[in-house]
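What follows is a single structure, written as structure tokens, with notes after it.
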Amino acid sequence: MNEFTAQQSQGSLSLESVVTFLIIAAIAIVAIFVLIYIVRRSVDTKRKRDIFLNNRSFSKLVLNVSKNITGSDFEVWVQQLLLSMGIPAKVVGGRGDHGIDVTAEYNGKKICIQCKKYYMKRDTLMVGEPVLRDLYGAMHAGGFDKSVVITTGNFTREAILWAEGKPKLVLINAKLLERIILNREVLRELFQ
């Protein structure tokens, strides 16, 4: 092998080495971005979980109730809670329900209920004013005497302010739901 051929071989190995290095570098960069994405997602999930757990209205009892169920399961759970108290109730939910998930009758009053099951995987844990307005309108349109929103989360400040002065609208957050689970008479008082 002459000197010229040896230099060409070295140059070609050099080019192969550069290409190999660039491929490895690209894979490493992609791996770093994937790792950053996974860490950020984990941190976001933990942050949402911490917000949920540190929420003033959070209840560990309600967390245990709602942890492994879907929104539809929560509607059935609310219905079963009412039935266990001797309050006739049925699940309505589905398309075109206008926000009414469960209906009940108590002391001659027709009650419409919206169930908002939130858990730490949700982007939000707060029920906003638009949900209350929609249910309140559905209550009047459907001829109900009272409307109730039951959530495993909480209500936004705007929702609470909007509900003030509306005795036909009852808001039940996680903390109040815990009180109801422990003492069913609390719900009877709210349904009056």
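Data table
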read-out	value
Cβ-Cβ FRET estimate between His98 and Asn183, R0 fixed at 30 Å, reported to 0.05	0.45
Taking Met126, Met139 and counting other C-beta atoms within 10 Å, the order from fewest to most	Met126, Met139
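Any read-out appearing in this document is the output of simple, stated calculations on the displayed coordinates, not a laboratory observation. In this text the structure is predicted, and so the values were computed from the model without any measurement. Don't worry about glycine lacking a Cβ; one is built from the backbone with ideal geometry, like all the others, and counts go over all protein chains shown.
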